[in-house]
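Just so it is clear, none of the values below were taken in a lab; they were calculated from the coordinates. As the structure is a prediction and not an experimental result, all values here were calculated from the model. With ideal geometry, Cβ positions are generated from the backbone for all residues, glycine too; neighbour counts draw on all protein chains shown.
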Amino acid sequence: MRGSPPIHLLIFSLAFALLAFPLSRLTFGRKDITLPRPVEAPSIGPKTTNTHLRLRFSHPPQSLTIRPLSAGESTELIKLSPDTLSPFEETVALNLDDHTIELSIEATWPDQTPDAAITLDLEPDGLDLQSKTVWSTDQSLSEILTFQWRP
């Protein structure tokens, strides 16, 4: 014998109800949970990082000076002599204040030198390389370069 279909229907309905009740509590009884956003730790002053600096120029300058413009820093970072060849590379320690480095670059060229280009590449540890090119006028150059990285 196969059994009575109404009894089969009753057993199926009871099994469905026993499973449906806990499943409905799991799916419909959920509260929306909003997670708090992570708060960045406040920076405690500028962070000094080793930075690979590359300097390229189209005509060798007679004098070239690079200074950081960080708070309290007025020392010369790089001072090149007239016999320096392009490209010039050096690793220096720079203050990375709010993911920004500001440098003052001053250069002079001998008389009769056409307008010259200077390209400055900076690559702090753990950050991407950034490059800026500036042009001289009348054998001199005085610029402030700002390098900024996204956190």
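Observations
- Total charge dipole magnitude, the chain, about the Cα centre, Cβ charges on Lys, Arg, Asp, Glu only, Debye to nearest 20: 1820 debye
- Ordered by the number of other Cβ atoms lying within 10 Å of each residue's own Cβ, fewest first, SER70, SER13, SER142 fall into the sequence SER13, SER142, SER70.
- Among ILE33, ILE66, ILE118, the largest mean-square fluctuation in a Gaussian network model of the chain, built with springs joining Cα atoms closer than 10 Å, belongs to ILE33.
- Environment charge of GLU89, counting only residues whose C-beta is closer than 11 Å and scoring Lys/Arg +1, Asp/Glu -1: -1
- Summary value for the chain: 24 percent relative contact order, contacts being C-alpha pairs under 8 angstrom separated by 6+ residues.
- When the P(r) is computed for the chain, the part past 29 Å accounts for 47% of the Cα-Cα pairs.
- Using alpha-carbon coordinates, inclination of helix 5-28 to the longest axis of the chain, degrees: 30 degrees
- For GLN130, net neighbour charge (Lys/Arg +1, Asp/Glu -1) across residues whose Cβ lies under 9 Å away: -2
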